[in-house]
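Report on one structure; see the data block that follows.
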Amino acid sequence: MRNIENPFKFGTIVDEEYFTDRVKEVAYIKEFVKSANHLVLISPRRFGKSSVVAKAVKQSGRKHITVNLQQATSVSDLSAKILREFFKVHPLGRIRHLITHFRVIPTISTNPVTGSMEVSFQPGANEAVLIEDVLTLIERAHSVKDRMIVVLDEFQEIRDLAPNLDKQLRSIMQEQKHVNYILLGSQESMMSDIFENKKSPFYHFGELMRLGKLPRDDFHHYLSDRLMTIFPDSCDELSNRILDYTNCHPYYSQQLASNVWQVGVLQPGAGDVFRAAITNIVTAHGLDYERLWMNFNRTNRWILRRLTTGKPLQSGEYHTSTIYSALKRLQKDGYVIYSDCYEMEDPFFREWIVINNE
Ligand SMILES: Nc1ncnc2c1ncn2[C@@H]1O[C@H](COP(=O)(O)OP(=O)(O)OP(=O)(O)O)[C@@H](O)[C@H]1O
Ligand SMILES: [Mg+2]
């Protein structure tokens, strides 16, 4: 067995040797934050939002913090998390005087095991006050010439954290002149509703940017380059098969390439390594797929099955409005995505459906 590290990565934020393309997007975001405006970035799940923004803000050379709203359990927790990130950029000693304005003083301690700083607020404190004080601190510590970039990832969660939090945040954020907000979200319908619905407090809050899949040529080059070590003769063909199968989806392409690599290393005589890799992934997720499938109603099952065949959905079987509303729901729940056409989000789930409905 050859002892070379798998050159593909999937699931977490990617950078450096695991990151390809997005040159235009990175340049655009870097340029954009030089203005006094805010940016809203939307795409289906795992298209690379967090990665592209992380890269752009790092390259911008500006002070920046990132907080994922999905990891916050309450507004108090969100406030503490923002503050903790803020302290990583601004050593406490230098901004201590600004904390004295806080109406509720945070508890700050060092975790003896990890050495990292922990921030919390006493339970029961007025949450509206906490978040306002934290965001005001950021504004006070910065200036028009030195704006901070605040990235709020999975921003659609704002609606689940607390009633009217969107209203409150909007009213604080719109007064700020020393912060550029970058708000990311993956639930397309929810994000569109937050920023496009006239009744929403965040209506037209910032520039809306949509992230597409990775361009095929670059991605092909990226995959082929890495597969070459194990498959010098077939890396080009394998990369094509991977991208055809995943339709250039960033995450699934990396996942499949990683498995193809793995099969090449561990099962050198496996025959068709590409099919072997797919079988491995589908088998590993078989139970999850089965559970998901059992919970779909008849219409959803019909639509998903139909999508796997590539045949048109308007076949007379269901009324157009029924298909449309079911598609919207499936899209909202992340099973179906729309980039050039409606397609199943997960190509391995698609495979499972084909196998189990033959
Ligand atoms: N520029 C890129 N080059 C190569 N692979 C990428 C790139 N962007 C994303 N990926 C792949 O997609 C995966 C998901 O990326 P990332 O977490 O940035 O996406 P996301 O849109 O923020 O996802 P989520 O919806 O889960 O928050 C990465 O782990 C990687 O495998
Ligand atoms: Mg993300």
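The values are calculated or read from the model by the stated rules, or taken from the named source; none is laboratory data. Fair warning: this is a prediction, and the values are worked out from it, not measured in the lab. We place every Cβ from the backbone using ideal geometry, glycine too, and count neighbours over all the protein chains shown. Protein only, heavy atoms only, side chains kept; ligands, DNA and RNA dropped before computing areas. Shrake-Rupley method; radii C 1.70, N 1.55, O 1.52, S 1.80 Å.
Some values worked out for this structure:
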item	result
Where Phe87 falls short, out of the listed (1) over 15 Å from Met173 (Cβ atoms); (2) part of a strand (DSSP E or B)	(2)
Condition met for Tyr222 (buried (at least 19 other Cβ atoms within 10 Å of the Cβ) and aromatic (Phe, Trp, Tyr))	yes
Answer from Ser186, Ser171, Ser143 - the residue that is among the polar types (S, T, N, Q) and within 20 Å of Leu41 (Cα to Cα)	Ser186
The range 32-58: number of residues that are in contact with a helix residue (DSSP H, G or I) (Cβ under 9 Å, 6 or more places away or on another chain) and more than 16 Å from ligand 2 (Cβ to nearest atom)	4
Sole residue being within 20 Å of the chain's Cα centre (by Cα), open to solvent by 40 Å² or more (accessible area, probe 1.4 Å) and over 21 Å from Arg62 (Cβ atoms), chosen from Pro215, Pro232	Pro215
Of the criteria (1) in contact (Cβ under 8 Å) with a residue 60 or more places away in the chain; (2) open to solvent by 30 Å² or more (accessible area, probe 1.4 Å); (3) away from ligand 1 (no atom under 13 Å from the Cβ), which one Ala72 fails	(2)
Residue count for the range 10-21, restricted to those that are in contact with an Asp or Glu (Cβ under 9 Å, 6 or more places away or on another chain) and charged (D, E, K, R)	1
Selected residue (criterion: most open to solvent (accessible area, probe 1.4 Å)) from residues of the range 25-57 that are away from ligand 1 (no atom under 12 Å from the Cβ), in a helix (DSSP H, G or I) and among the charged types (D, E, K, R)	Glu31
Residue list for the range 209-220, filter: away from ligand 2 (no atom under 16 Å from the Cβ) and either out of contact with any Ser or Thr (no Cβ under 8 Å at 6 or more places or on another chain) or modelled with pLDDT under 95 (or both)	Pro215, Arg216, Asp217
